[in-house]
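Enquirer: Dropping a structure here in structure tokens format, bear with me for questions.
Here, each number is a calculation from the coordinates, and none is a lab measurement. Please read all numbers here as calculations on a predicted model, not as lab measurements. Note that each Cβ is placed from the backbone with ideal geometry, even for glycine, and that neighbours are counted across all protein chains shown.
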Amino acid sequence: MKHYPETFKISSALLFLIALASCTTTTIDEFRQAETGIENNESVVILGRRQASDYETRSEFVDCVGERMTRGDGAISIVPEQEFVDAMFPWFEPRTAPLRTRDLERLMTEDVVADRMTEFGIRYIVWLDGFTETTDRSGSISCTVGPGGAGCFGFGSWEDDANFDARVWDVGSLSNVGTISTDATGQSYLPALVIPIPLIARVEANACSRLATQLKEFVNGS
Amino acid sequence: MMAGLGTRVLAVLAAISLSACGVNNVVVQGSFPTPNISPLPLSVAVFYDPALTEFAYIEYSETGTEEYNIASGQSHVELFNAVLPAMFDEVVVVGSLEEAEMLGVDAIFAPLIEEFQLALPSKTKLDVYEVWIKYNMRLMAADGEYIADWVLTSYGKTPTESMRSAESAINDAAVVALRDLASSFSLSFTQVPEVRDWLNTL
């Protein structure tokens, strides 16, 4: 009976270490090519790149970045991606969307496109491109159900790596004004001692949060 | 009493297991915006062939059993009904080519699906569902003579997600492919050589 407090301490320490280990490391790189700034009546649209054959930028991540940019100090007016793409149809579909600012310049010669851009008050278009990859899966967990009850035993772990680039186009000057890259990595663990305890590294959520903060500052010119 | 209950439970379990082995039906549903383009000053009759309106594709598993039945005919009709009025000044949907010929329109448009392909993550080992569709677009004069007959392909994909069913992902990929068709058809119509030549004669 005397061993229980010690076992509890060791278990707590182990869980604390694992919880620490499941933290996420996020790196942000900013490359500015021109001065930026935004007026109160202007807005930003964030669009996901979907031209790659083996992945596509998830709309949930695009929504997450947009939603976070509308919060806090220096909040920015964001036009929802789907609303913008539908209103601009068929000019911003995966096959027809401008890949370079030169293409945007050509696109803006279409009166319909220029009028819609003005209606939305778009000052910047942010192109998000990237995905989250899960690697280094290891360990195994087995679960059993019997007349006396059920339980799982084992240990699993994996690493998530989220890589996203945000290219910022100025619709006023029809030029690329900068690129912000984010790289977030984190190790997740799933120990199971009767009950599985997921210790998940919030890699994509952290990448979203940091990228949104950096983008907000970039667009505001601070 | 207990034997009767047992039989019923067994019957329900058998029905569940049988339904689990059956084909998964996907009726493609989505919303298609109207294109922002300048309409051509033409009156066009549209004939939806039953081969298009009733189009369904069956994907077979590796063991040869029917895995997915994807019905996309009606969604194609909805798509063309949204796109064509933005492309031409006047659009009339007709029930037959003969009816269209009697209307005295500038042209008759009759699209067909030639091929439909589905790529599942379980087979491609990629984290995306993909849909590829090949169309035969036919444009005829009021007397039924061919003006142009060309092939158009469309492609759509959607990523795998943990809380989304395969049926929902297939539907989303098909909707992306349909939007791709709408964008490439509406933007490239006047660039089809035969169509361009015909437009120059008007």
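Enquirer: Among B:Pro35, B:Pro121, B:Pro85, which one moves the most in a GNM of chain B with springs linking Cα atoms closer than 10 Å?
Expert: The residue with the greatest mean-square fluctuation here is B:Pro121.
Enquirer: Let me ask something else. Neighbouring Cβ atoms within 10 Å as the yardstick, rank A:Ile141, A:Ile195, A:Ile46 fewest first. List each step's numbers first, then the result.
Expert: Working: A:Ile141 13, A:Ile195 9, A:Ile46 27.
Taking fewest neighbouring Cβ atoms as first place, the list is A:Ile195, A:Ile141, A:Ile46.
Enquirer: Please report the antiparallel percentage of DSSP beta bridges with both residues in chain B, rounded to the nearest 5. Before the final figure, lay out each step's value.
Expert: Details: 29 of 42 bridges.
Just about 70 percent of them are antiparallel.
Enquirer: Additional query: Between B:Ile58 and B:Asp127, with labels modelled 7 Å along Cα→Cβ, what's the label distance in nm to one decimal, could you check?
Expert: Taking the two extended label points, one gets 3.4 nm.
Enquirer: Which residue, B:Val83, B:Val26, B:Val46, has the largest displacement toward the positive end of the dipole of chain B when charges sit on each Cβ (Lys, Arg +1; Asp, Glu -1)?
Expert: The listed residue farthest towards the positive side: B:Val26.
Enquirer: Per DSSP H run of at least 4 residues, take -39500 (n - 2.57); add these up for the protein assembly as shown, divide by its residues and hand me the 222 nm value, nearest 500 deg cm²/dmol. Each step should come with its number before you reach the end.
Expert: Working: 13 runs with 154 residues, N = 424.
Counting only the DSSP helices, I get -11000 deg cm²/dmol.
Enquirer: Dividing the convex hull volume of the Cα atoms of the protein assembly as shown by its residue count, what figure in Å³ per residue is obtained? Intermediate results must be reported in sequence, preceding the final value.
Expert: Values: hull volume 92.5 nm³, N = 424.
Here the figure is 218 Å³ per residue.
Enquirer: Please give me the summed charge of the neighbours of A:Ala201: other residues whose Cβ is under 15 Å from its Cβ, Lys and Arg +1, Asp and Glu -1. Let's see the in-between values first.
Expert: Working: positive: A:Arg137, A:Arg202, A:Arg210; negative: A:Glu133, A:Asp136, A:Glu159, A:Asp160, A:Asp161, A:Asp183, A:Glu204.
Summing Lys/Arg as +1 and Asp/Glu as -1 gives -4.
Enquirer: Please find the FRET efficiency linking A:Arg202 to B:Ser38, where r is the Cβ-Cβ separation and R0 is fixed at 56 Å, and quote it to the nearest 0.05.
Expert: Computed FRET efficiency for A:Arg202 and B:Ser38 comes out at 0.70.
Enquirer: Once phi is turned into θ = phi - 60°, what whole-Hz ³J(HN,Hα) does the Karplus curve with 6.51, -1.76 and 1.60 give for every residue of the range A:131-143, x standing for Gly and Pro?
Expert: 7, 10, 10, 9, 10, 6, 6, 8, x, 8, 10, 10, 10
Enquirer: A follow-up question, please. Evaluate the distance, in nm, between pseudo-label points positioned 7 Å from the Cα of A:Ser173 and of B:Leu202 along their respective Cα→Cβ axes.
Expert: In this crude spin-label approximation the distance works out to 4.4 nm.
Enquirer: Right, here's the next one. Can you give the FRET efficiency to the nearest 0.05 for B:Thr190 and A:Cys23, using r as the Cβ-Cβ distance and R₀ = 35 Å? Walk me through the numbers on the way to the answer.
Expert: Details: r = 57 Å, r/R0 = 1.62.
So the FRET efficiency works out to roughly 0.05.
Enquirer: Let me know the Kirkwood hydrodynamic radius for chain B, please, with Cα pairs as the basis and the value in Å to one decimal. The partial results should precede the final answer.
Expert: On the way: mean 1/r = 0.0524 Å⁻¹.
Taking every pair of different Cα atoms in chain B, averaging 1/r and inverting gives 19.1 Å.
Enquirer: Given an 8 Å cut-off on Cα distances and at least 6 residues of separation, report the relative contact order of the range A:3-220 as a percent.
Expert: Details: 408 pairs, mean separation 60.9, N = 218.
The normalised contact order for the range A:3-220 reaches 28 percent.
Enquirer: Can you put B:Ser122, A:Ser59, B:Ser162 in order of Cβ neighbours within 10 angstrom, beginning with the fewest? Don't jump to the answer; show the numbers that get you there.
Expert: Numbers: B:Ser122 11, A:Ser59 18, B:Ser162 4.
Listed from fewest to most nearby Cβ atoms, that is B:Ser162, B:Ser122, A:Ser59.
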